[in-house]
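Q: My questions all concern the structure below.
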Amino acid sequence: MPYRLTDASALGLDLARTPGGVGAARVLLRLLLAGPQDVRTPVRARADLVVSRERARELLGPDGPTVVDLTAVEGAGRRPAGAAGPAADHGSDAGHGLDADLAADPEDAAASAAALARRLQRLARRLGAVSFGTVGDLLALGRGLAEELVVASAVPADDLPDVVTDALLAALVRERDDVAAPVLASALAHRLDPPAPGHPALPPLLPSGRALLAAGPSPVVLGTAALVGRVAAAREEVLLLPGRPAPQVWAEHMHSVAWAVETTGRTRLAAAAQLDLLRSLDAAGVTPAALLGGVWNACSAAVAAQVVLDVLPNETHDVLCADLLEVLPG
């Protein structure tokens with residue numbers, strides 16, 4: 001399925017588990033926070049850039065990572081990723097179904113627990129491979145955002161979409177185990193951030209937790225930036241795994257938040273917040289395994305709720321945010 005800003009939490013989870021994904025998030029975040037007045041004419045493309053693009057695409061493969069149908073995963077839930085509403089539950093139903101298995105045979109608890117452990121191991125391996133889009137989808141999202149920015153700008157920057165897709169390729173290919181990877185990444189990122197005396201095609205980012213301030217000093221932006229900054233300051237993964245509600249309760253409130261984001265017109269801000277959250281979790285040293293194990297769901301939900309805090313029922317805020325806010329530093 002194509003990546004969409006309304007599914008930015010799913011995009012963030014994919015990038016969190018993709019080599020170079022944090023770098024790609026930085027490129028997309030710069031796009032989302034840039035205004036028409038920030039666009040500059042990029043430096044001219046080098047003659048060999050076409051060759052670099054082709055080589056990078058060969059290394060990455062336009063169809064990877066492979067999308068896995070969650071309905072084919074044992075006990076992983078009751079609908080495929082992204083199938084319901086503007087916010088997917090990212091496998092949150094998986095634990096619910098497996099918990100039920102543990103109680104299925106009360107007369108043989110030991111055997112049931114052993115079977116559950118084996119299924120959990122299989123599920124973890126499979127969920128680790130689940131993605132909500134492909135490299136091609138990621139490049140298409142970046143190109144689309146860049147095209148919107150060019151249309152809104154008075155600056156002749158028709159090649160900005162190429163600059164952005166090249167920078168996304170650079171971020172992803174830089175982490176590949178190939179002798180050509182660093183050379184390709186340098187060539188592809190050259191136009192977004194050329195060396196002096198050249199100027200960047202998009203404004204650089206502020207540190208994690210402060211990047212959103214470029215969107216304007218509204219109470220919503222200030223509160224969201226503060227929460228993301230507190231996540232970046234966490235140095236223990238366990239702090240980012242507070243008590244979790246039942247999966248169906250969590251999903252219900254997440255859907256409410258997603259609709260609130262859409263109806264208030266804060267889709268771009270919410271997407272930027274998710275991308276900056278990924279930067280912050282990276283700064284905090286959180287591993288992809290921990291993100292998949294629940295850290296991403298907890299933090300992503302809290303950040304999404306913060307974006308629409310002024311219109312959320314207190315119950316939704318408490319379910320998605322209260323436990324995490326109690327343990328975060330600051």
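The values are calculated or read from the model by the stated rules, or taken from the named source; none is laboratory data. Worth saying up front: this structure is predicted, and the values here are computed from it rather than measured. Counting neighbours? That spans all protein chains shown, and the Cβs are built from the backbone with ideal geometry, glycine included. Heavy atoms of the whole protein, side chains included, go into the accessibility calculation; ligands, DNA and RNA do not. Shrake-Rupley method; radii C 1.70, N 1.55, O 1.52, S 1.80 Å.
Q: Taking the conditions exactly as written (modelled with pLDDT under 90, open to solvent by less than 10 Å² (accessible area, probe 1.4 Å) and over 20 Å from A34 (Cα atoms)), does L241 satisfy them or not?
A: no
Q: Additional query: Only residues in region 1-28 that are in contact (Cβ under 8 Å) with a residue 12 or more places away in the chain and of a type in the set (D, E, K, R) count as the first member; pair them with residues that are open to solvent by 30 Å² or more (accessible area, probe 1.4 Å) and in a helix (DSSP H, G or I), Cβ under 6 angstrom, at least 6 apart or cross-chain, and list the lot.
A: Pairs that qualify, where the first residue is in contact (Cβ under 8 Å) with a residue 12 or more places away in the chain and of a type in the set (D, E, K, R) and the partner is open to solvent by 30 Å² or more (accessible area, probe 1.4 Å) and in a helix (DSSP H, G or I), are R17/P288.
Q: Taking the options V163, V130, name whichever one is of a type in the set (V, I, T), open to solvent by less than 30 Å² (accessible area, probe 1.4 Å) and modelled with pLDDT under 95. Give the derivation first.
A: Values: V163 fails: modelled with pLDDT under 95.
After applying the criteria, what remains is V130.
Q: Among the listed residues T287, T267, T224, which satisfies the condition of being within 15 Å of the chain's Cα centre (by Cα) and more than 23 Å from A171 (Cα to Cα)?
A: Working: T287 fails: more than 23 Å from A171 (Cα to Cα); T224 fails: within 15 Å of the chain's Cα centre (by Cα).
Among T287, T267, T224, only T267 is within 15 Å of the chain's Cα centre (by Cα) and more than 23 Å from A171 (Cα to Cα).
Q: Checking the conditions here, which among V303, V286, V261 is under 20 Å from A211 (Cβ atoms), open to solvent by less than 30 Å² (accessible area, probe 1.4 Å), touching a residue at least 24 places away in the same chain (Cβ under 8 Å) and not in a helix (DSSP H, G or I)?
A: Values: V303 fails: not in a helix (DSSP H, G or I); V261 fails: not in a helix (DSSP H, G or I).
Just one listed residue meets the conditions, V286.
Q: How many of the residues making up region 198-224 are in contact with a helix residue (DSSP H, G or I) (Cβ under 6 Å, 6 or more places away or on another chain) and in contact (Cβ under 8 Å) with a residue 40 or more places away in the chain?
A: Of the residues in region 198-224, 13 are in contact with a helix residue (DSSP H, G or I) (Cβ under 6 Å, 6 or more places away or on another chain) and in contact (Cβ under 8 Å) with a residue 40 or more places away in the chain.
Q: Look through T71, T66 and report the one residue that is over 22 Å from A185 (Cβ atoms), modelled with pLDDT under 90, part of a helix (DSSP H, G or I) and open to solvent by 40 Å² or more (accessible area, probe 1.4 Å).
A: On inspection, the qualifying residue turns out to be T71.
Q: If I filter region 165-220 down to residues being among the polar types (S, T, N, Q) and assigned to a loop (DSSP other than H, G, I, E, B), which single residue comes out as nearest to the chain's Cα centre (by Cα)? Can you show your working first?
A: Taking region 165-220 and keeping what is among the polar types (S, T, N, Q), we get 165, 186, 208, 218.
So of that shortlist, the ones also assigned to a loop (DSSP other than H, G, I, E, B) come out as 208, 218.
Working: S208: 14, S218: 23 Å.
In this case the residue turns out to be S208.
Q: How many residues does region 174-198 hold that are out of contact with any Ser or Thr (no Cβ under 6 Å at 6 or more places or on another chain), more than 14 Å from E58 (Cα to Cα) and open to solvent by less than 100 Å² (accessible area, probe 1.4 Å)?
A: Qualifying residue count, region 174-198: 11.
Q: Also: Considering only region 7-47, how many residues are open to solvent by 40 Å² or more (accessible area, probe 1.4 Å), at pLDDT 90 or above and touching a helix residue (DSSP H, G or I) at 6+ places or on another chain (Cβ under 6 Å)?
A: 1
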